[in-house]
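Step one of this worksheet: look at the structure below.
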Amino acid sequence: MQDRVTLPHWLDHLIFEQLGARYCRANADMTVIDWDKSDVLNYLGTYFPRSYAESYCIFSEFFRSHPNVFEGKTEVSIFDFGCGTGGEIIGLLTVISEKIPSICKVNISALDGNFHSLRLFEKVFNTYKRRCRIEIELKLIPIKIEDFYDLSILDTIIPCGLDIFMSFKAICEFVTKERFEQQNAYTHIIKTFIPKLDEYGLMVLADLTSHNKVSQEWLPRMMDAGYSQTDCQLLMKNNGYNQTFTVTHKRKTNDISKISWRILKR
């Protein structure tokens, strides 16, 4: 699998020169949902490029090894749970544009509870949309998920028939903040949203590989325990405990990120 990416020049220039992103690495358990504008600009310059690279590499490999997964489709629908500043969405859209020429329209619903993140993502998206061959519709969903009740409300407004449900480095925040009390957050997310997938739809979960101080458990183990408690099928995963990706941009050469990821289906 390709695991080294250079951020496209236009995107590099946009986030650092026009939007004022800053590279500022943090290693603690993050709860991005609570961050202010300054924090989010740090996130944009540090974790947006990583999410872009992770998504680009994971989806490129998946569509290479599963070339017929969206065969005959001209339109796909995507839901991103905890989209943040949108790095993983731009990475996925780039792969679709490059690898699946039959697709000419993409409908995206993107949920996040941090309004500063959503505003920055919208600016990045609008620039990307003008450069892309695909027609893209974006619906932003500014909702904070506090507990089971909020998740059940969200369940009622998301249509069935999704082609891709994804969540990159977001569910760990629900673990840290104990949004679902002592229960496995991955299990709840999977059980809530996998019924929303199309027959051939994909659920892509990617998360940190750290030991969570609140749950007192390694997140990859929680992820595996989470999907093992459901009826979903595992299609693809990283080899070993995690996978290392590197991304190069004007603030950092070969910046390293390590995540664990799983691709599931109904």
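Close amide H contacts of residue 197 (hydrogens built in the peptide plane, cut-off under 5 Å, sequence separation of 5 or more or a different chain): 161, 162. Length gained on full extension, residue 122 to residue 13, computed as 0.36 nm times the residue gap minus the Cα-Cα distance: 37.6 nm. Computed per residue of the chain from DSSP H runs no shorter than four, each worth -39500 (n - 2.57), the mean residue ellipticity at 222 nm is -11500 deg cm²/dmol.
The spacing between the stretch 156-216 and the stretch 39-85, judged by their C-alpha centroids, is 15 Å. Residues of the stretch 239-266 with amide nitrogen under 19 Å from the 7 Å Cα-to-Cβ point of residue 25? Once the point is set 7 Å along Cα→Cβ of residue 25, 242-260 turn out to lie under 19 Å by backbone N, inside the stretch 239-266. Packing, as the average of other Cβ atoms within 10 Å across residues, places the peptides 131-141, 78-88 in the order 78-88, 131-141, highest first. Given R₀ = 45 Å, FRET efficiency for residue 1-residue 149 by Cβ-Cβ distance, to 0.05? That gives a FRET efficiency of 0.70. Within straight-line reach of residue 258, meaning a Cα separation under 13 Å, sit the following aspartates and glutamates at least 8 residues removed in sequence or on another chain: 3, 54, 207. Among the protein heavy atoms of the chain, carbon and sulfur supply 47% of the accessible surface, probe 1.4 Å, non-protein parts ignored. Net charge dipole, the stretch 2-149: roughly 540 debye, given to the nearest 20, about the Cα centre with Cβ charges of +1 for Lys and Arg and -1 for Asp and Glu. Each peptide among 254-265, 8-19 gets the average number of other Cβ atoms lying within 10 Å of its residues, and from highest to lowest they stand as 254-265, 8-19. Length gained on full extension, residue 160 to residue 178, computed as 0.36 nm times the residue gap minus the Cα-Cα distance: 3.7 nm. A full extension of the chain between residue 239 and residue 132 corresponds to an added length of 35.3 nm, given 0.36 nm per residue minus the alpha carbon distance.
Rolling a 1.4 Å probe over the protein heavy atoms gives the chain an accessible area of 43 Å² per residue.
The values are calculated or read from the model by the stated rules, or taken from the named source; none is laboratory data. Predicted, not measured: the structure shown is a model, and the values here were computed from it. All Cβ positions, glycine included, derive from the backbone under ideal geometry; neighbour counts span all protein chains shown. Side chains included, ligands, DNA and RNA excluded: accessible areas come from the protein's heavy atoms. Shrake-Rupley method; radii C 1.70, N 1.55, O 1.52, S 1.80 Å.
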